[in-house]
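The values are calculated or read from the model by the stated rules, or taken from the named source; none is laboratory data. As the structure is a prediction and not an experimental result, all values here were calculated from the model. Cβ atoms come from the backbone with ideal geometry, glycine included; neighbour counts cover every protein chain shown.
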Amino acid sequence: MTWLYWLFSYSVGNFLTAYFVGKMYGVNLQQERSKNLGARNAGSVIGKAAFMWTFLGDALKGVLVVTLGYFWHLEQWVIMAGACFVILGHLYPIWLKFNGGKGVATFIGVGLALSPSLFSMMIVGTAIVLGVTRSLTLGMLGGFVFYIGAIVLTGHLQLYIPILVAIMCMLLKHSSNIKESLRRGK
């Protein structure tokens with residue numbers, strides 16, 4: 001059951017909502033602005049409704065995988081790995097030659113489904129850094145620092161290793177944005 005759950009999780013991650021929202025509007029988001037298949041690009045190219053649909057669709061992928069893991073009474077470490085796989089499926093979808101989105105909305109769904117109280121630390125970190133820098137990218141980075149700090153404080157670092165792997169992969173996908181934000185100081 002474990003391997004099937006992980007395969008299912010990766011497959012769910014492969015459903016990139018932005019790709020299908022773009023098709024509905026006759027737009028190939030892989031050719032527009034940031035060329036990213038994510039909510040932010042969908043919103044900047046198509047509009048607010050496209051942002052919301054893409055964000056909700058991608059976040060619900062994370063919620064679905066974690067919730068089904070609990071429903072099927074899987075062990076916590078199996079669910080954590082499944083959460084990692086749904087994010088990796090979004091970042092590296094096989095059907096798009098491993099060129100997917102950046103995983104933020106999917107991570108938000110995963111984080112909320114795993115532990116809303118722990119995830120609230122990411123929101124706090126994001127809000128603080130966003131308030132100081134006015135940069136969504138740096139705000140996200142600050143949120144990850146707070147989230148990882150909260151994980152360490154709970155004493156469950158070993159259990160969260162798959163989530164930390166997913167975060168590292170997300171940061172790699174965001175590396176050019178992070179460098180640019182740091183260069184601009186914003």
Worksheet item: Of the residues that make up the range 97-107, is at least one assigned to a helix (DSSP H, G or I) and surrounded by fewer than 21 Cβ atoms within 10 Å (Cβ to Cβ)?
Response: no
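Counting only residues that are assigned to a helix (DSSP H, G or I), of a type outside the set (Gly, Ala, Ser) and in contact with a helix residue (DSSP H, G or I) (Cβ under 7 Å, 6 or more places away or on another chain), which one in the range 20-39 is farthest from Gly109 (Cα to Cα)?
The selected residue is Leu29.
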Worksheet item: Just to be sure, is Leu153 loosely packed, with under 14 Cβ neighbours inside 10 Å and assigned to a helix (DSSP H, G or I)?
Response: yes
Item to complete: State all residues of the range 81-96 that are touching a helix residue (DSSP H, G or I) at 6+ places or on another chain (Cβ under 6 Å) and surrounded by fewer than 24 Cβ atoms within 10 Å (Cβ to Cβ); if no residue qualifies, say none.
Response: Ala81, Phe85, Leu91
Item to complete: Could you please let me know if Leu138 is farther than 22 Å from Ser11 by Cβ, at pLDDT below 95 and either touching a strand residue (DSSP E or B) at 6+ places or on another chain (Cβ under 6 Å) or assigned to a helix (DSSP H, G or I) (or both)?
Response: yes
